[in-house]
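Chemist: Let me give you the structure first, and then I'll get to my questions.
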């Protein structure tokens with residue numbers, strides 16, 4: 001206690017700097033077990049046969065996407081999640097260009113009762129930076 005009272009400014013600086021490190025990760029979802037990196041997504045696809053839903057617009061999807069992914073835009077998903085009912089028994093991985101749309105869709109699906117919904121952190125950009133394969137229209 002003597003150290004804390006004698007060095008209050010040092011203790012406050014440690015607390016504030018720790019907050020700057022932790023708060024962005026909590027806000028962005030980093031470190032969450034529902035946020036995956038590219039290699040984690042590969043494992044989820046291979047081990048648990050996860051369904052990959054690409055939320056980008058059709059023109060973007062046609063330029064290239066994860067092999068086997070299905071294109072359901074965020075707008076379509078926000079109108080109805082019925083298109084995903086056939087996949088509800090498997091994990092669902094959401095991807096978009098950067099990860100922002102995926103987090104919106106993840107919240108929506110969680111409210112609808114989907115329990116295993118994952119987001120590719122960094123979106124398709126992170127997938128491509130990891131030199132993982134893509135193909136036109138997810139084929």
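Chemist: Could you tell me the relative contact order of the chain? Use alpha-carbon pairs under 8 Å, at least six residues apart, and round to a whole percent.
Modeler: Numbers: 190 pairs, mean separation 40.5, N = 139.
Relative contact order here is 29 percent.
Chemist: If you work out Cα Rg over 2.2 N^0.38 Å from the coordinates, which of [x] 1.32; [y] 1.63; [z] 1.15 do you get?
Modeler: [x]
Chemist: Mind checking which of 125, 17, 110 has the largest fluctuation in a GNM of the chain, springs on alpha carbons under 10 Å?
Modeler: 17
Chemist: On a 0 to 90° scale, report how tilted helix 8-28 is relative to the longest principal axis of the chain, with both axes built from alpha carbons and the result rounded to the nearest 10.
Modeler: Between the helix axis and the principal axis of the chain, the angle is about 10 degrees.
Chemist: Next question, about the same structure. Please state the relative contact order of the range 43-99 as a whole percent: Cα pairs under 8 Å, 6+ residues apart?
Modeler: RCO, the range 43-99: 48 percent.
Chemist: Taking the DSSP beta bridges in the range 32-138 as the whole, what percent of them are antiparallel, to the nearest 5?
Modeler: The antiparallel proportion sits near 15 percent.
Chemist: Let me ask something else about it. In degrees between 0 and 90, to the nearest 10, how far off the longest principal axis of the chain does helix 100-111 point, with axes built from Cα atoms?
Modeler: The answer is roughly 80 degrees.
Chemist: With a 10 Å Cβ neighbour count serving as the proxy for reagent exposure, in which order, fewest first, do 56, 47, 90, 103 appear?
Modeler: So the ranking, lowest neighbour count to highest, is 47, 90, 103, 56.
Chemist: So, one more: Tell me the angle of helix 38-48 to the major Cα principal axis of the chain, expressed in degrees between 0 and 90 and rounded to the nearest ten.
Modeler: 60
Chemist: While we're on this one: Please work out the FRET efficiency for the pair residue 3 and residue 34, using the Cβ-Cβ distance as r and a Förster radius of 35 Å; give the result to the nearest 0.05.
Modeler: The value I calculate is 0.35.
We did not get these values from a lab; they are worked out from the coordinates using the rules stated. All of these numbers come straight from a predicted model, not from anything done at the bench. Counting neighbours? That spans all protein chains shown, and the Cβs are built from the backbone with ideal geometry, glycine included.
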